[in-house]
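Undergrad: To start, I am sharing the structure in question, which I have written as structure tokens.
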Amino acid sequence: MSDPEITPDVMRVSWGPQHPMSGQTRILIDIDGEKVHKLTADLGFTHRGIEKILENRTFLQGIIPVERMVMVDTANVGLSYVLAIEEALEVETPDRADWIRSMICELCRINSHLYAFGLQVESTGYFPAVFLWTTIDREIILDLLEELSGLVPPDLDIGLEELSIDRQTVRMRVQAKSFQAADRLGLQLAKFGPFASARIGAIEKDPKTGSKRFNVTISLKEPEAGDRG
Amino acid sequence: MSEGVEETFVEAVQAAHPDYIESVGVLKPKWVSLVAKREGFSELAFSLRDEFGFIHPVSAGAIDYPKENRMRINYYLINPSSRFSLMLGVDLPRDDLTLPSMTRVWEAMSFHERETKEMFGINFEGHPNPVPLLLPPDWKGGYPLRKDFEGEGAEP
């Protein structure tokens, strides 16, 4: 942008690019005392090129980078992406999925509104406690979302190091404290119906920490004819 | 919603500008896609704003089709009174990427055209401030959103 004329009375203040309220945005403000003459926005400090990232990923892998766009409201961003793919592929979702999605989106919406409201009140500089109150209420929602997405039962006592999904195959790199964890995981996987097969690879022992590592490969069942939708 | 409002709109646009329009299609209820010819694009845009009420610019962007040697530039518009959405597209050959700037028609397209220029290398003639929007000012890596971009960070 062409530089506006800077006279002795007009001062240019750079607001950002780091600012506790705005995040990464830079705004050049030409001010004369308290009178603002001009604002020049300088964007791009959080531009990550999601379009380019998605060019090299499958649709399923794309959900994860898309959800990174919004910190506190991931579901609604992810939903719009997923709905676009479903429309392009002409996939119909069952009612149960729609209900679950609606509930997650509503929880995320309330979560994000509480966060925004708390920050907004705090940024006035007078009521810092309000942010703490909304955080307490957000905890309820975060617990619910964690219950929904925390699919690893705690008594399995395993941790995931890597997870990759390639078409009908899920590969996991698992870390556990004891050898028995592999047996427990095998039993749990055998309980679930929709897998064609679940295999647990050789168990390696980490000489430094003593923890056990192994690979798990799960093949999802191929959809049967007439079992679509 | 009464039936056929999209068709009525399509017929009205085609009757008003038979020379400027390449194709018109209805994508969804109240959502129309219009592909314009490069010649007379500004006149068509002014007419869409003044006569058809598309006063609200939503977004603009481009799609690269390297195999067909063309780029499609899309302007997304809304008519707030009739709630019609319009995708106004125009095809440019990849070796001559010049289009009159739509900032004369919709001033708010300025940021979107700046982004499209830096990401795809499309030259918007008459843009009041054609400097990069998101990329750093000293960026020399080419046009990142083109399909043949192989610069820093591009995956093979």
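The values are calculated or read from the model by the stated rules, or taken from the named source; none is laboratory data. Note that the structure is predicted; figures quoted are calculated from it, not measured. Note: ideal-geometry Cβ built from the backbone for every residue, glycine included; neighbour counts use all protein chains shown. Remember, those area values only see protein heavy atoms, side chains included, never the ligands or the DNA or RNA. Shrake-Rupley method; radii C 1.70, N 1.55, O 1.52, S 1.80 Å.
Undergrad: Grab the beta carbon distance between residue A:61 and residue B:83, set R0 = 51 Å, and tell me the FRET efficiency rounded to 0.05.
TA: On the way: r = 35 Å, r/R0 = 0.69.
My answer for the efficiency is 0.90.
Undergrad: State the volume of the convex hull built on the alpha-carbon positions of chain B, expressed per residue in Å³ and rounded to an integer.
TA: Working: hull volume 19.6 nm³, N = 156.
Per residue, the Cα convex hull of chain B comes to 126 Å³.
Undergrad: Continuing with this model, one more query. Given R₀ = 22 Å, what would the calculated FRET efficiency be for residue A:205 paired with residue A:171, taking r from the Cβ atoms and rounding to 0.05?
TA: Details: r = 21 Å, r/R0 = 0.94.
Given R0 = 22 Å and the Cβ-Cβ separation, E is 0.60.
Undergrad: Based on the Cβ-Cβ distance from residue A:69 to residue B:8, what FRET efficiency comes out when R0 is 45 Å, to the nearest 0.05? Don't skip to the end; give the middle numbers.
TA: Working: r = 38 Å, r/R0 = 0.84.
Efficiency at R0 = 45 Å is approximately 0.75.
Undergrad: Could I ask something else about it? Can you give me the distance in nm between label points at residue A:24 and residue B:96, each placed 7 Å from the Cα along the Cα-to-Cβ direction?
TA: 4.0 nm
Undergrad: Another question about this same structure. Specify, per residue and in Å³, the volume enclosed by the convex hull of the alpha carbon atoms belonging to the protein assembly as shown. Don't jump to the answer; show the numbers that get you there.
TA: Details: hull volume 95.6 nm³, N = 385.
Hull volume normalised by residue count: 248 Å³.
Undergrad: I need the chymotrypsin sites (Phe, Trp or Tyr not before Pro) found in region A:45-129, filtered to DSSP loop residues with at most 13 other beta carbons within 10 Å of theirs.
TA: On the way: sites: A:45, A:59, A:81, A:99, A:115, A:117, A:126; in loops: A:45, A:126.
Those that pass, being in a loop and sparsely packed, are A:126.
Undergrad: A further question on this structure: Put +1 on the Cβ of every Lys and Arg and -1 on every Asp and Glu Cβ in chain A; which of A:190, A:16, A:130 then has its Cα farthest towards the positive end of the dipole?
TA: Positive-most Cα among the choices belongs to A:190.
Undergrad: Students often check this: by mean Cβ neighbours within 10 Å, which of A:135-147, A:199-211 ranks highest, and how do the rest follow? Each step should come with its number before you reach the end.
TA: Values: A:135-147: 13.0, A:199-211: 10.9.
Result, highest mean first: A:135-147, A:199-211.
Undergrad: Divide by every residue of the protein assembly as shown the summed helix terms, -39500 (n - 2.57) for each DSSP H run of at least 4, and state the resulting mean residue ellipticity at 222 nm, rounded to the nearest 500 deg cm²/dmol. The partial results should precede the final answer.
TA: On the way: 9 runs with 128 residues, N = 385.
Taken over the protein assembly as shown, the calculation gives -11000 deg cm²/dmol.
Undergrad: In region A:32-102, which GluC sites (Glu not before Pro) fall in coil by DSSP and have 14 or fewer other Cβ atoms within 10 Å? Write down the numbers at each step before the final one.
TA: Values: sites: A:34, A:51, A:55, A:67, A:86, A:87, A:90, A:92; in loops: A:34, A:90, A:92.
In loop regions of region A:32-102 (DSSP not H, G, I, E or B), the sparsely surrounded GluC sites (Glu not before Pro) are A:34, A:90, A:92.
Undergrad: Magnitude of the Cβ-charge dipole of region B:5-125, K/R +1 and D/E -1, about the Cα centre, nearest 20 debye? List each step's numbers first, then the result.
TA: Working: 13 positive and 19 negative charges, 73 e Å.
Result for region B:5-125 is approximately 360 debye, rounded to the nearest 20.
Undergrad: Treating the angle as unsigned and between 0 and 90°, give the value, to the nearest 10°, between the Cα long axis of helix A:74-89 and the longest Cα principal axis of chain A.
TA: 70 degrees
Undergrad: Compute the longest continuous run of chain B that contains no exposed GluC sites (Glu not before Pro); treat a site as exposed when its DSSP state is not H, G, I, E or B and it has at most 14 other Cβ atoms within 10 Å.
TA: Values: sites that count: B:3, B:39, B:51, B:68, B:107, B:150, B:152.
Here the longest run is B:108-149.
Undergrad: With +1 on each Lys and Arg Cβ and -1 on each Asp and Glu Cβ, and nothing else charged, work out how big the dipole of the protein assembly as shown is about its Cα centre, in Debye to the nearest 20.
TA: Numbers: 41 positive and 60 negative charges, 260 e Å.
That gives a dipole near 1240 debye.
Undergrad: Further, regarding this structure: About the Cα centre of region A:46-188, how large is the charge dipole given +1 on each Lys and Arg Cβ and -1 on each Asp and Glu Cβ? Please answer in debye to the nearest 20.
TA: Values: 13 positive and 23 negative charges, 92 e Å.
Magnitude of the dipole: close to 440 debye.
Undergrad: Sticking with this one: When the solvent-accessible surface of protein heavy atoms is calculated with a 1.4 angstrom probe, in what order do A:187, A:148 fall, highest first?
TA: Putting A:187, A:148 in descending order of accessible area: A:187, A:148.
Undergrad: So which of A:52/A:177; A:52/A:208; B:67/B:140; A:52/A:205; A:38/B:37 end up more than 31 Å apart by C-alpha? Mind dumping the intermediate values first?
TA: On the way: A:52/A:177 39 Å; A:52/A:208 40 Å; B:67/B:140 25 Å; A:52/A:205 39 Å; A:38/B:37 38 Å.
Correct reply: A:52/A:177; A:52/A:208; A:52/A:205; A:38/B:37.
Undergrad: While we're on this one: Shielding of A:43-52 by partners, i.e. mean partner chain Cβ atoms within 10 Å per residue? Mind showing how you got there, number by number?
TA: Working: counts 6, 9, 2, 1, 6, 1, 7, 0, 4, 10.
The mean count of partner-chain Cβ atoms within 10 Å per residue comes to 5.
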